[in-house]
Amino acid sequence: MDINTFIDNFAGQLDETPADQIKPETNFRDLDEWSSLVALSIIAMVDEEYGVTLKGADIKSAVTVQDLYDAVKSKM
Amino acid sequence: MSSYNPFSLSGKTILVTGASSGIGRTTAIECSKMGGRVVITGRDSNRLQETYQELVGVDHVQVVADLTDSKDVDSLVDSCGILDGLVLCAGIGKISPFQFCTQDKMNDVFAINYFSPVELLRRLVKKKVIAKCGSVVFVASIGGCPGGKFTYGNGIYGASKAALWSMMRFAAKELAIRKIRVNGVNPGMVETNLIKHGIITDEQHKADMETYPLKRYGQPEDIAHGIVYLLSDAASWVTGHSLVIDGGCTI
Ligand SMILES: NC(=O)c1ccc[n+]([C@@H]2O[C@H](COP(=O)([O-])OP(=O)(O)OC[C@H]3O[C@@H](n4cnc5c(N)ncnc54)[C@H](OP(=O)(O)O)[C@@H]3O)[C@@H](O)[C@H]2O)c1
């Protein structure tokens, strides 16, 4: 697992934000299109791509994309 | 006059699936308190035994069965005897946004939420072990059913319950010939293990509760009492409908 493919997978759940704007330090909650549905899509993507079950609380305690990556990695 | 109770289940034998947890467990216990004799079934033998110990009265039976396993269903059908009531409560939740709704996920959910209750009812009907004037209750949901709620990520679950709701109506029409009534209950969010999967945070649940006119989620008893009504002779002229029990959230 590496951060670049994770960022691609993360960006794949967005429709408006150009993928190259997503960086490890991006505060994902500040994205205009961030919503509860995007959060559910991230959980489903992580399940599909990494076989890891993220909880709502994991998303809640993460601030940046890097934090999410670390949360997934710690559960692998 | 003091014994007058049109909601009594005394003299009735009722099979309850999903009786090892949540709504099914409470329904089984409430049915026994209303005088019914129950046959309870679930997968987990320890949790089923916990329910069994809480039943009031005598002659109750427990049968461990995975309702997606045809052989287990056979032995369940064989151990039931004649039934006056059937509560089809076993089911699972699933949260998955549309683009992740693969057929694999649908198969898992439909297997227990749709195919298993319909198949169990079919076998019982074919074997003619549901008594004349018997009552069948499907536990559907407001999620996905007509007039209900269509929340993000609930498509697979809601579609399985909508299919169940539809088959409930067909069964009601056909089984009326044998005077068997078939109804459903459509609960809103009820505090059981089914909603404690962690995908939705406690804060989100609390915020959601505030959108309910009655400002709380349901307790299993809220649903069990609706089911008791539909099982009882008080509902003798009710068939083909699903009772919405949702704290007003679909108003
Ligand atoms: N809670 C809600 O908010 C809500 C809202 C609307 C509708 N409902 C419906 O209410 C019903 C009961 O749910 P609940 O909230 O009481 O959930 P629960 O506490 O998780 O109970 C689910 C029950 O289903 C049984 N079950 C699951 N898979 C099974 C299988 N393959 N074979 C046999 N039994 C199986 C479980 O048995 P084991 O534990 O032994 O495995 C358990 O007894 C479900 O149909 C659900 O869709 C719930």
In square angstrom, rounded to the nearest 10, how much accessible surface does B:S3 have for a 1.4 Å probe?
100 Å²
What number results when the radius of gyration of the stretch B:91-237, computed over Cα atoms, is divided by 2.2 N^0.38 Å?
1.12
What ranking, highest mean first, results for peptides B:125-131, B:180-186 when packing means the other Cβ atoms within 10 Å averaged over each residue?
B:180-186, B:125-131
On a 0 to 90 degree scale, rounded to 10, what angle separates helix B:220-231 from the longest Cα axis of chain B?
40 degrees
Averaged over B:197-208, how many beta carbons belonging to a partner chain fall within 10 Å of each residue's beta carbon?
4
For chain B, what is the calculated [θ] at 222 nm in deg cm²/dmol (nearest 500), taking -39500 (n - 2.57) for each run of four or more DSSP H residues and dividing by its residue count?
-11000 deg cm²/dmol
Per-peptide average of other Cβ atoms within 10 Å, ordering A:31-37, B:158-164 highest first
B:158-164, A:31-37
Shape descriptors of the stretch B:36-80 over alpha-carbon atoms, Rg and Dmax in angstrom, are 10.7, 31
Which percent, to the nearest 5, of DSSP beta bridges fully inside the protein assembly as shown are antiparallel?
5 percent
Hey, got the average number of other protein chain Cβ atoms within 10 angstrom for residues in A:52-60?
4
Chain A - Debye-derived log10 I(q)/I(0), Cα point model, q = 0.13, 0.26, 0.28 Å⁻¹
-0.31, -1.50, -1.83
With a cap of 10 neighbouring Cβ atoms within 10 Å, and only residues DSSP puts in a loop, list the trypsin sites (Lys or Arg not before Pro) found in the stretch B:191-251.
B:K215
What area, in nm² and to one decimal, does the C-alpha convex hull of the stretch B:163-251 cast on average over all directions?
6.8 nm²
Expressed as a whole number, the average count of other chain Cβ atoms within 10 Å around the Cβ atoms of A:27-37 is 1
Based on the Cβ-Cβ distance from B:F150 to A:T64, what FRET efficiency comes out when R0 is 22 Å, to the nearest 0.05?
0.10
Under the rule rounded for a/c under 1.5, else prolate if a/b exceeds b/c, else oblate, using alpha carbon gyration tensor axes a ≥ b ≥ c, the stretch B:1-149 is classed as prolate
Given B:K128/B:K149; B:K105/B:K196; B:K71/B:K179; B:K12/B:K126; B:K71/B:K161, the pairs whose alpha carbons are separated by over 31 Å:
B:K128/B:K149
Rh by Kirkwood over Cα pairs, then Stokes-Einstein D for the protein assembly as shown at 1.002 mPa s and 20 °C, µm²/s
101 µm²/s
Candidate lysines for bridging to A:K73, where Cα separation is under 16 Å - those fewer than 8 sequence places away on the same chain excluded:
A:K55
Taking square-rooted eigenvalues a ≥ b ≥ c of the alpha carbon gyration tensor, is the stretch B:118-190 rounded, prolate or oblate, where a/c under 1.5 means rounded and, failing that, a/b exceeding b/c means prolate?
prolate
Using the Cα centre of the stretch B:88-162 as origin and beta-carbon charges of +1 (Lys, Arg) and -1 (Asp, Glu), tell me which of B:S135, B:A159, B:T102 is placed farthest towards the positive end of the dipole.
B:S135
Helix B:155-175 sits off the longest principal axis of the Cα atoms of chain B, rounded to the nearest 10 on a 0 to 90 degree scale, by 30 degrees
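The values are calculated or read from the model by the stated rules, or taken from the named source; none is laboratory data. These figures come from a predicted structure and were not determined experimentally. Cβ: placed from backbone, ideal geometry, glycine included. Neighbour counts: every protein chain shown. Protein only, heavy atoms only, side chains kept; ligands, DNA and RNA dropped before computing areas. Shrake-Rupley method; radii C 1.70, N 1.55, O 1.52, S 1.80 Å.
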